[in-house]
Amino acid sequence: MLDTSELDAWHRDGFFLRKGFTAPDVCDAMHRRIIELSRLAERGEPITPAFVQTESRLADSEGPAESRVSKLFRVHRQERVFRDFCVAPATLEIVRELLADDLDCFLSQFIFKHPGALGQPWHQDAFYFPFDRSPQVGVWLAITHARLESGPLWVLPGSHREPIHDAVADRRPDANLGYVEIVDHDMSDAVPVVLEPGDCLFFHSHLMHCSTDNESMHMRAAMVFHYSEGGTRDGTEERFGFKSPNNDFLPVLRSGRTIHENERA
């Protein structure tokens with residue numbers, strides 16, 4: 001499933017991009033379902049195990065429920081349009097080649113970047129994943145266009161070879177819950193990831209990345225899945241003193257074979 005240029009980019013840069021990986025109608029279906037879940041949650045109706053994180057800067061803004069959402073987590077187990085992408089052979093074959101024959105999808109998050117929303121500071125996803133095995137693989141699917149003015153992802157090529165850096169809490173007044181920032185590394189060689197709907201970025205969990213503020217009039221959205229080697233142990237509670245509300249380890253591949261719904265734990 002991976003060509004030589006993609007494998008070279010993975011080892012050299014810590015990421016590669018698949019243009020047109022997913023059909024636009026799938027992206028549209030994901031977006032519609034997240035809007036539905038956002039509105040249900042704001043009305044006080046249960047959407048468990050999914051849950052919403054509000055965009056701090058926009059928490060008091062007017063408009064529909066989704067206009068105040070930063071992220072919506074845990075949709076890969078029970079929400080069909082997301083689970084179908086998560087366990088699709090086209091997705092799993094790529095992640096298997098990058099990681100292992102046994103895979104779990106442990107985290108899913110739909111990310112809104114509404115006009116006026118803050119970006120997320122420089123970080124490594126592995127900072128949030130104190131697991132007994134490393135690395136993990138992130139799969140970032142563009143739901144809408146990501147342009148320079150709408151707060152796209154920026155990545156630092158080659159930084160996946162770095163250890164996990166210490167990070168400080170995001171000090172901005174409107175910082176979202178859990179945001180941290182790496183302040184001990186030179187990011188001057190960073191490059192933006194400009195995307196069309198359906199493009200997909202595969203990236204290493206040690207890769208340093210950030211996003212900028214959305215200074216446009218258009219919303220930018222992405223759907224992100226994170227995969228670990230099957231059987232990985234989550235040490236979040238030991239490290240941070242609490243169990244992660246975001247993680248939900250779903251077995252998706254064993255010995256290179258897809259785990260069907262009635263076989264999953």
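The values are calculated or read from the model by the stated rules, or taken from the named source; none is laboratory data. If you're wondering where the values come from, they're calculated on a predicted model, not measured in any experiment. Note that each Cβ is placed from the backbone with ideal geometry, even for glycine, and that neighbours are counted across all protein chains shown. The accessibility values were calculated without ligands, DNA or RNA, using every heavy atom of the protein model including side chains. Shrake-Rupley method; radii C 1.70, N 1.55, O 1.52, S 1.80 Å.
Here are some notes:
- Filter pass, V95 being part of a helix (DSSP H, G or I), closer than 16 Å to L201 by Cβ and open to solvent by less than 10 Å² (accessible area, probe 1.4 Å): yes
- Among the candidates Q120, Q109, residue that is crowded, with 17+ Cβ neighbours inside 10 Å, in contact (Cβ under 8 Å) with a residue 24 or more places away in the chain, assigned to a loop (DSSP other than H, G, I, E, B) and within 18 Å of the chain's Cα centre (by Cα): Q120
- Taking every residue in segment 173-186 that is under 18 Å from D213 (Cβ atoms) and assigned to a strand (DSSP E or B) and pairing it with any residue that is among the acidic types (D, E) and open to solvent by 60 Å² or more (accessible area, probe 1.4 Å), at least 6 positions away or on another chain, yields no pair with a Cβ-Cβ distance below 9 Å.
- Hits in segment 239-261 (condition: more than 19 Å from E229 (Cβ to Cβ) and either in contact with a strand residue (DSSP E or B) (Cβ under 9 Å, 6 or more places away or on another chain) or not in a loop (DSSP other than H, G, I, E, B) (or both)): F240, K243, P245, E261
- Residue selected from segment 123-156 under the condition under 22 Å from F82 (Cβ atoms) and among the polar types (S, T, N, Q), by the criterion most open to solvent (accessible area, probe 1.4 Å): T144
- Of all the residues in segment 164-221, those that are over 25 Å from T54 (Cβ atoms), open to solvent by 50 Å² or more (accessible area, probe 1.4 Å) and touching a Gly at 6+ places or on another chain (Cβ under 6 Å) number 0.
- Filtering segment 44-66 to residues that are at negative phi, small (G, A, S) and without any contact (Cβ under 8 Å) to a residue 60 or more places away in the chain leaves A50, A59, S61, A65.
- Any hit, segment 127-143, residues being farther than 20 Å from S188 by Cα, touching a helix residue (DSSP H, G or I) at 6+ places or on another chain (Cβ under 9 Å), of a type outside the set (V, I, T) and assigned to a helix (DSSP H, G or I): yes
- Test: residue in segment 42-49 that is small (G, A, S), open to solvent by 50 Å² or more (accessible area, probe 1.4 Å) and more than 26 Å from L207 (Cβ to Cβ): yes
- Segment 1-24 residues that are farther than 21 Å from D101 by Cβ, paired with ones that are assigned to a strand (DSSP E or B) and open to solvent by 50 Å² or more (accessible area, probe 1.4 Å) (beta carbon under 9 Å, 6 or more apart): A9/L17
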